[in-house]
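Below you'll find the structure, written out as structure tokens, and then a few comments.
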Amino acid sequence: MTESTVTLSAAGHPLPKRWLAVIATIWIGQAVSMITSYAAGYAVVWYITETTGSALMLSAAAICAYLPQGLLSPFGGVIADKHNRKTVMIVADLSVGVVSLGLGIAILLGQVSFALLMILVIVRSIGQAFHGPAMMAAMPLLVPEKHLLRINTLDQLLMSVASIGAPAFGIFLYTTIGFHSVMFLDFAGALVAVAGLALAKIPTVIDKAAENQHVLANLRDGWRALSANRGLVILIAGVTVGMVAFAPLGAIFPLMTFDHFGGDGYAASIVEAAFGVGMVAGSVVLMAWGGGKRLALLIGVAALIVGATTMACGFLTPGMFWTFVVLCAVMAVACAWFNGPLITLIQRNVPEEKTGRALGLCMAAMGLASPVGIALGGMLAESIGVAPFFVVDGAICLALGAVVYLPKSVRALDRAKPESAQLDTDSANLENQA
């Protein structure tokens, strides 16, 4: 088939000639919302820091940010497969925006409290649990196969950019105009995201067989669709273990800078900036390159690079701070090569009417891996020391990268697109909706 005839989506459906405009409309709105959300989230963290100075309160906020998404993502996948995915995304974005608006009004009235802030954090996490599977499940219906990885990586690129600039933006508004202004800005960002979705024409695939099923039966069907491909399950399990191992590093970077290298807050900020720039660079490289045909192998190679650089950090002497900064940047480049390829492999290997549930289960595994890893890694680093922890953590990632691509079923993911992903979808009801 040639581009001059009919362009097909990654799911095999005809695309409109202006499919790129549809994608741009959606993602411009999502980008604006992402920036305002990051700004609001950092403002909340800074308010808790200023008013309580409590590590326990900050830890509670982090748990509230991670846990609901990890627990509810499978149910978000069920909703994405049973209902209009566009509607699910709009409701999720709008719900978070309305809560931000309410919190902004409460702040203006002097009624802000830790409990109210946690409501915002929890609602944001719940919203992502439903928005994420719906968005990722919709992408194969909107873009050609050759651009699927690029679009999946775009989300990570935007998050990386937002994580670098949005906190400073949020603090600027927080200190100059007030805490309430950041919340109102978050509401405005949600409206922009909703407008982008409302203007875009998004196909919806509904699994008729799941419409009258109990939610647990829906989840079981999603697991069956995912586990039908042994290699996919092994790869997801491997990445999840890798996230458990790697998650503590984000919390330990500042301690490594302070305790091992004798650096100050400025030095710690340089490390964070280097990691952020590395994530952006890795995402840009992946989008420009397209990832090639061996995405499972790419994930294994990324794990090897992350393991090698992390382990090397643990062997650095106290006078090698700038080497640490460079290694962190290289580590971050490889970190950008996990999420997009894994999502793309799931989208390619799971029937389109079950993709939401499969992605929801994957998001749950990833969402729960971070808090578990932070808890376990924190205890280990406390007992053996920060620098030795980098060595142990790097060794785990190295071992993972060395073995994850060995199973024949994992290597099979890098062959031609399996027929299971091309299954006839007579059981699904395809509706084009504005």
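For (1) touching a residue at least 60 places away in the same chain (Cβ under 8 Å); (2) part of a helix (DSSP H, G or I), each residue gets a yes or a no:
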| residue | (1), (2) |
| --- | --- |
| Asp259 | yes, yes |
| Gly276 | yes, yes |
| Lys293 | yes, no |
| Ala296 | yes, yes |
| Thr310 | yes, yes |
| Trp337 | no, no |
Worksheet entry | Inter-residue pairs, beta-carbon under 8 Å, first under 11 Å from Pro203 (Cα atoms) and touching a residue at least 40 places away in the same chain (Cβ under 8 Å) and in the range 134-146, second part of a helix (DSSP H, G or I) and acidic (Asp, Glu), 6+ apart | Ala137/Asp81; Ala137/Glu352; Pro140/Glu352; Leu141/Glu352
Worksheet item: If Leu103 satisfies every condition in (1) open to solvent by 50 Å² or more (accessible area, probe 1.4 Å); (2) aliphatic (A, V, I, L, M); (3) more than 28 Å from Val215 (Cβ to Cβ); (4) in contact (Cβ under 8 Å) with a residue 24 or more places away in the chain but one, which is the exception?
Response: (1)
Response to the item:
Note on the range 372-400: residues in contact (Cβ under 8 Å) with a residue 24 or more places away in the chain and farther than 24 Å from Met320 by Cβ are Val372, Gly373, Ile374, Leu376, Gly378, Ala399, Leu400
Discussion item. Any residue that is among the β-branched types (Val, Ile, Thr), buried (at least 23 other Cβ atoms within 10 Å of the Cβ) and within 17 Å of Ala134 (Cα to Cα) - is there at least one of those in the range 309-330?
Written reply: no
Item to complete: Out of the residues in the range 63-100 that are open to solvent by less than 40 Å² (accessible area, probe 1.4 Å), within 25 Å of Val45 (Cα to Cα) and polar (S, T, N, Q), state the one that is modelled with the lowest pLDDT.
Response: Ser73
Worksheet item: Condition test on Thr175, is it hydroxyl-bearing (Ser, Thr, Tyr) and surrounded by fewer than 19 Cβ atoms within 10 Å (Cβ to Cβ)?
Response: yes
Discussion item. It is to be established whether one or more residues within the range 200-215 are modelled with pLDDT of 80 or more, of a type outside the set (D, E, K, R) and in a helix (DSSP H, G or I).
Written reply: no
Fill in: Any chance Leu56 is open to solvent by 50 Å² or more (accessible area, probe 1.4 Å) and either farther than 30 Å from Gly12 by Cα or in contact with a helix residue (DSSP H, G or I) (Cβ under 6 Å, 6 or more places away or on another chain) (or both)
yes
Discussion item. Can you find, within the range 238-282, the residue that is least open to solvent (accessible area, probe 1.4 Å) among those that are among the aromatic types (Phe, Trp, Tyr) and at pLDDT 80 or above?
Written reply: Phe261
Worksheet entry | Odd one out for Val392 among (1) modelled with pLDDT under 90; (2) over 22 Å from the mean Cα position of the chain (by Cα); (3) crowded, with 16+ Cβ neighbours inside 10 Å; (4) not acidic (Asp, Glu) | (1)
Worksheet item: Of the conditions (1) within 21 Å of the chain's Cα centre (by Cα); (2) buried (at least 20 other Cβ atoms within 10 Å of the Cβ); (3) part of a helix (DSSP H, G or I), Leu117 fails just one. Which one is it?
Response: (1)
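The values are calculated or read from the model by the stated rules, or taken from the named source; none is laboratory data. The structure displayed is predicted, hence computed values, not measured ones. Glycine also receives a Cβ, built like all others from the backbone with ideal geometry; neighbour counts cover every protein chain displayed. When the accessible area is computed, the model is the full protein with side chains, heavy atoms only, and any ligands, DNA or RNA have been set aside. Shrake-Rupley method; radii C 1.70, N 1.55, O 1.52, S 1.80 Å.
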